[in-house]
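To start, the structure under review is shown below, and the notes come after it.
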Amino acid sequence: MIKWAARFLGLTLAIAPFAALAAAGQPVNWGLGLQDAASPTMERINSFHNLLLYVITAITVFVTILLAIVIVRFNRRKNPVPSRTTHNSTIEVLWTAIPVLILVLLAIPSFKLLYFADRVENPDITIKAVGRQWYWYYEIPEQEYKGEKIGGFGFASYMVPEKELKGDQIRLLSVDNPLSLPVDAKVQVLVTAGDVLHNFAMPSLGVKLDAVPGRLNETWTLIKGEYVGKTFYGQCSELCGNGHAFMPIEIRAVNDSDFLSWVAKAKEAGDPLETATAPSVKAEKVRLAQANN
């Protein structure tokens, strides 16, 4: 027992230096815990996660102490004649009431977080993410941002194949057409799907929402200004078929002027919003190629 305890302690000390390795935007080797929070929603998720960690640690320690007491005080050697007690009303009430009370107390911050992450009033920008087999299609509706009229187009975003990766692009995470979003702007995110169930997940922004065919789900995010110039990566988190692992999400945080410039260029290269709901020619070619393989 002592030997196994020593091994566990050694392993803990060995990986401890890596526990602090966390990065906003992408996973890191040997990283532990959640990615750094880059949005108010993710900050609250981190806080709630830490609260739950303290609670479950206290419960685990308490139950371990009770087990140790039972092992030491009520073993066969110390109690050769076993007790015939079958009920203890006080203990039964306590072990029922205390867990219920703990769950009720945890429900309060949980419901607050769910309500906070659900939607935002008066968003600055609205985007629509459509999950398809197996890529994401983004639509930017016509709207006004910072006094400029933007939107009215859509574009497909495909994973960059491993053999085509360049520079600092990341395997299975980088895409050919990233989505750019301005920092310090409340972004309304509408999520749906064109074929099967998908899931739009961006860990550092605290976004994880099912994309359901025929249904429009809503959430929101706000990228904090300190992360301007940062790239965030996510993935489809729903088992949507054999291409499930190959439809990542890439979002770049930019300032207002860069965002408006990106919108102008993306509109020229993208599809008019009237035809954006139909699969693009490139999408059909990819689908047929995958089917033939």
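Some observations on this one:
- Matching residues, the range 146-195, being over 15 Å from residue 259 (Cα atoms), modelled with pLDDT of 95 or more and among the β-branched types (Val, Ile, Thr): 160, 175, 189, 191, 192
- Filtered residues of the range 210-258 (kept if free of Cβ contacts under 8 Å to residues at least 60 places away in the same chain, among the hydrophobic types (A, V, I, L, M, F, W, C) and closer than 17 Å to residue 133 by Cα): 212, 239
Yes/no per residue for (1) more than 33 Å from the chain's Cα centre (by Cα); (2) assigned by TED's automatic domain parsing to the domain that holds residue 233; (3) surrounded by 11 or more Cβ atoms within 10 Å (Cβ to Cβ); (4) assigned to a helix (DSSP H, G or I):
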{"position": "26", "(1), (2), (3), (4)": "no, no, yes, no"}
{"position": "44", "(1), (2), (3), (4)": "no, no, yes, yes"}
{"position": "47", "(1), (2), (3), (4)": "no, no, yes, yes"}
{"position": "52", "(1), (2), (3), (4)": "no, no, yes, yes"}
{"position": "57", "(1), (2), (3), (4)": "no, no, no, yes"}
{"position": "63", "(1), (2), (3), (4)": "no, no, no, yes"}
{"position": "76", "(1), (2), (3), (4)": "yes, no, no, no"}
{"position": "92", "(1), (2), (3), (4)": "yes, no, no, yes"}
{"position": "109", "(1), (2), (3), (4)": "no, no, yes, yes"}
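- Check on residue 129, modelled with pLDDT of 95 or more, more than 24 Å from the chain's Cα centre (by Cα) and either among the small types (Gly, Ala, Ser) or surrounded by 13 or more Cβ atoms within 10 Å (Cβ to Cβ) (or both): no
- Residue list for the range 196-233, filter: of a type outside the set (Ser, Thr, Tyr) and in a helix (DSSP H, G or I): 203, 205, 225, 226
- Residues (aromatic (Phe, Trp, Tyr) and touching an Asp or Glu at 6+ places or on another chain (Cβ under 9 Å)) located in the range 45-94: none
- Contact map, the range 140-154: first residue without any contact (Cβ under 8 Å) to a residue 60 or more places away in the chain and within 19 Å of residue 269 (Cα to Cα), second residue charged (D, E, K, R) and surrounded by fewer than 18 Cβ atoms within 10 Å (Cβ to Cβ), Cβ cut-off under 8 Å, separation 6 or more or different chains; pairs are 143/149; 149/142.
- If only residues of the range 208-253 that are aliphatic (A, V, I, L, M) and surrounded by fewer than 19 Cβ atoms within 10 Å (Cβ to Cβ) are counted, the one that is nearest to residue 41 (Cα to Cα) is 228.
- Verdict on residue 186 being crowded, with 18+ Cβ neighbours inside 10 Å and of a type in the set (D, E, K, R): no
- Which listed residue is of a type in the set (A, V, I, L, M), assigned to a strand (DSSP E or B) and touching a residue at least 12 places away in the same chain (Cβ under 8 Å), from 173, 181: 181
- Checked against the criterion of being in contact (Cβ under 8 Å) with a residue 60 or more places away in the chain and under 19 Å from residue 211 (Cβ atoms), the range 103-113 has no qualifying residue.
The values are calculated or read from the model by the stated rules, or taken from the named source; none is laboratory data. For clarity, every value in this text was computed on a predicted model and none was experimentally measured. FYI the Cβ positions are ideal-geometry reconstructions off the backbone, even for glycines, and counts take in every protein chain you see.
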